Ligand code: B12
Ligand code: SF4
Ligand code: SF4
């Protein structure tokens, strides 16, 4: 089994990208410590707790020689929030519309690893992770040639853009490594300018405490008063710094059923979402990445988004120059348009 065999198997299992990086002292790995010292992780204490292991995968698998990184396209056929005039619509991050990627990709990654164990003449050490492991996935993705780390801090592949989930297998096999991806942001600064909360404090540096994704997904308790306005109609995550990125202007769409939007979240109106019962929300959150906030967290976010919509006088769909109204919420009874 060589690197080409592993990549071919990865594609067969449904991964769109696969590259291999050395388990080495990549210079970007030390940035994490500085980033934590600045307080940019906010209340994500797990990043502090695991910082030593995140600094080097050989602290996770001591015999590690390579890191196999996969990329999975999750973009689906729906407009970007930046193209949509309807501020009464709940904004939910694209990655969260379908099934929980931890489960779906975790299963595929385990299949890849099992296949590798069957193919290898010798036993080897390995650990497979999707998102939650102590691995700086973006750094290894860049060194595996999967994509470069953009100024918005996301990994961008020149062919398919940045709507990709990353996953990694740390292993002791001496597989042939790929050339790292080259930075292709150039002089562009669109993501930095578009961020509604100025969370990208320098190219490639994100202050989570200002980021809508952190505020709506990771932060527990009340949302800070100073940040509420900037959250707008976002109720789970944020995609703006990727939506404005030219590398996503014509991103391909995935036909994988796992990532297609669930009806409960698909261009749903804020009022419709607010009026769902706890039981309905529990059902909708089952097997979804959005279960991370639980019903309570989702309700907190919806309440702030509704406040914002009311303040701006736009709880109902609106349209403005240059923006296209999105297809209306299908729930006629609660549609603000109908109520008028
Ligand atoms: C913590 C975390 C968050 C935090 C912090 C995000 C962040 N930028 O660090 C919050 C909650 C805000 C978050 C948000 C999101 N996340 Co997140 N998150 C993670 C997690 C668990 C760890 C990331 C980490 O280590 N951060 C610490 C800092 C130091 O890392 P970093 O920003 O990547 O820093 C690098 C760059 O800054 C670079 N760098 C340093 N100097 C410079 C200078 C220049 C000029 C440049 C260009 C780069 C550069 O080197 C640093 C080395 O780490 C990873 C999974 C994992 N295990 O890696 C997922 C992960 C990064 N998240 C992911 C996703 C999808 C998201 C969201 C898009 C979700 C959403 N729609 O709401 C947003 C994107 C926000 C954004 N612009 O980053 C994906 C990213 C996929 C991709 N294509 O890159 C990952 C990889 C999960 C996965 N397995 O797919 N996330
Ligand atoms: S996810 Fe949203 S809030 Fe966070 S950096 Fe990107 S544009 Fe800013
Ligand atoms: S918007 Fe521009 S600067 Fe930001 S990540 Fe995309 S190409 Fe890079």
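Every read-out reported here was derived from the displayed coordinates using simple, explicitly stated rules and does not represent laboratory data. Just so you know, these numbers come straight off a predicted model, no measurement behind them. As a convention, Cβ positions derive from the backbone with ideal geometry for all residues, glycine included, and neighbour counts pool all protein chains shown.
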_Quick check on packing: order 212-221, 29-38 by the mean number of other C-beta atoms within 10 Å, highest mean leading._
212-221, 29-38
*Report the calculated FRET efficiency for residue 127 and residue 283 (r = Cβ-Cβ distance, R0 = 30 Å), to the nearest 0.05.*
0.35
*asked:* Compute the angle between helix 3-12 and the longest alpha-carbon principal axis of the chain, please, reported from 0 to 90 degrees and rounded to the nearest 10.
replied: 30 degrees
*Cα-based Rg / Dmax (Å) for region 80-186*: 17.0, 58
_Overall form of the chain per C-alpha gyration tensor (a/c, 1.5; a/b vs b/c)_ = prolate
*With 5 Å bins from zero, work out the P(r) of region 168-224 over every alpha carbon pair and list the percent per bin.*
4, 14, 17, 13, 12, 12, 12, 11, 4, 1
*Angle between the Cα long axis of helix 101-119 and the longest principal axis of the chain, 0 to 90 degrees, nearest 10?*
10 degrees
*Do you know the relative contact order of the chain, to the nearest whole percent, from alpha carbon pairs under 8 angstrom that are 6+ apart?*
25 percent
*If a/c stays under 1.5 just call it rounded; otherwise compare a/b with b/c (prolate if a/b is bigger, oblate if not). Do that for region 14-91, with a ≥ b ≥ c from the square roots of the Cα gyration tensor eigenvalues.*
oblate
*Peptides 116-129, 186-199, 159-172: what's the order by average Cβ count within 10 Å, highest mean first?*
159-172, 186-199, 116-129
*Does region 207-277 classify as rounded, prolate or oblate by the C-alpha gyration tensor (a ≥ b ≥ c root eigenvalues; a/c under 1.5 gives rounded; else a/b over b/c gives prolate, otherwise oblate)?*
oblate
_Compute the angle between helix 294-311 and the longest alpha-carbon principal axis of the chain, please, reported from 0 to 90 degrees and rounded to the nearest 10._
50 degrees
*Distance from a point 7 Å along Cα→Cβ of residue 184 to each backbone N in region 126-168: keep the residues under 11 Å and list them by number.*
147-148, 156-162
